Amino acid sequence: MGLIARIIENAGISTICIVSLKPIAEQIRPPRTLHLAWPFGHPLGEPGNRIQQLAVLHAALQALATAQPGQILEPGWRWRREQYTLPEGWG
């Protein structure tokens, strides 16, 4: 996905990748990355956990607007051990 993201960025469209394996992201170097150390198949969070999934989407969109090219952001969320809240206005 990181390789495709670079091609899209070259066309002038900003991208962000959500990844589970930081070493792979470090090798491929997507333009902007949100690293979540969660199980494979769950890039946005637990099935049915709407608030958690919206929090991930909010973090990704925020990072898309603020992250520097090449930056890997890590919110530090632990799988099934966090209390998530909806961002204001995301009701």
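The values are calculated or read from the model by the stated rules, or taken from the named source; none is laboratory data. In this text, all values refer to a predicted model and were calculated from it rather than measured experimentally. Cβ: placed from backbone, ideal geometry, glycine included. Neighbour counts: every protein chain shown. Side chains included, ligands, DNA and RNA excluded: accessible areas come from the protein's heavy atoms. Shrake-Rupley method; radii C 1.70, N 1.55, O 1.52, S 1.80 Å.
Taking the stretch 5-21 as the range and being open to solvent by 60 Å² or more (accessible area, probe 1.4 Å) and either of a type in the set (Asp, Glu) or touching a strand residue (DSSP E or B) at 6+ places or on another chain (Cβ under 9 Å) (or both) as the test, the residues that pass are 14, 21.
Entry remark, the stretch 50-69: residues being open to solvent by less than 50 Å² (accessible area, probe 1.4 Å) and out of contact with any Asp or Glu (no Cβ under 9 Å at 6 or more places or on another chain) number 6 in total. Scanning the stretch 71-89 for residues that are open to solvent by less than 80 Å² (accessible area, probe 1.4 Å) and either at pLDDT 90 or above or touching a helix residue (DSSP H, G or I) at 6+ places or on another chain (Cβ under 8 Å) (or both) yields 71, 72, 73, 75, 76, 77, 82, 84, 86, 87.
The residues of the stretch 1-47 that are closer than 12 Å to residue 72 by Cα and assigned to a loop (DSSP other than H, G, I, E, B), listed by number, are 16, 20, 21, 29, 30, 31, 36.
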